[in-house]
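Some notes on the structure that comes next.
The numbers here are math on the coordinates, done by the rules we state, and not lab data. Because the structure is predicted, anything quoted here is derived from the model rather than measured. Cβ: placed from backbone, ideal geometry, glycine included. Neighbour counts: every protein chain shown.
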Ligand code: AMP
């Protein structure tokens, strides 16, 4: 089910948000946190998460306010600028089991820092 409503408060990004476990912070504001992925798949691999609890992008689309969605999307440009990704970058958001989502808190992967290949092997 991709439209699950039961947010798991024990997920690892929830623990990063409440600072139970550390992260390498790139950007933070009232609503958004961005930090380095622990297992980078490109020279730059950063995860962007909303501070509000959403299980996935699907949950976010169904249940977030327009203001929250707008601010979250706009934060991507700010973070890309901080990361100096002026030559381009890729955004990925895995959703649910078949989408390959491992952590059930909405996150966008920002990947860049080299010429990226095809999106799917
Ligand atoms: P996904 O498969 O889209 O749910 O991606 C989860 C991502 O979280 C993976 O790229 C992991 O490398 C990353 N990850 C897992 N634990 C941590 C952590 N403690 N700090 C930073 N990134 C993490």
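Label sites at residue 67 and residue 15, each approximated as a point 7 angstrom past Cα along Cα to Cβ, lie 3.3 nm apart. Every helix of 4 or more DSSP H residues in the chain counts as -39500 (n - 2.57), and over all residues that averages to -7500 deg cm²/dmol at 222 nm. Applying 1/(1 + (r/R0)^6) with R0 = 22 Å to the Cβ-Cβ distance of residue 31 and residue 86, what FRET efficiency is obtained, to the nearest 0.05? Plugging the Cβ-Cβ distance into 1/(1 + (r/R0)^6) gives 0.35. In the range 68-121, the convex hull through the Cα atoms has an average projected area of 4.7 nm², a quarter of its surface area. Each peptide in 84-91, 106-113 receives the mean, over its residues, of other Cβ atoms within 10 Å, and ordering these scores from highest gives 106-113, 84-91. Relative to the longest principal axis of the Cα atoms of the chain, helix 66-82 runs at roughly 30 degrees. Hydrodynamic radius of the range 12-112 by the Kirkwood approach over all distinct alpha-carbon pairs: 13.8 Å. Among 46, 32, the order by Cβ neighbours within 10 angstrom, fewest to most, reads 32, 46. Residues 73, 119, 95 in ascending order of nearby Cβ atoms (within 10 Å, fewest first): 119, 73, 95.
Exposure proxy for 55, 61: other Cβ atoms within 10 Å of each Cβ, ordered fewest to most, give 61, 55.
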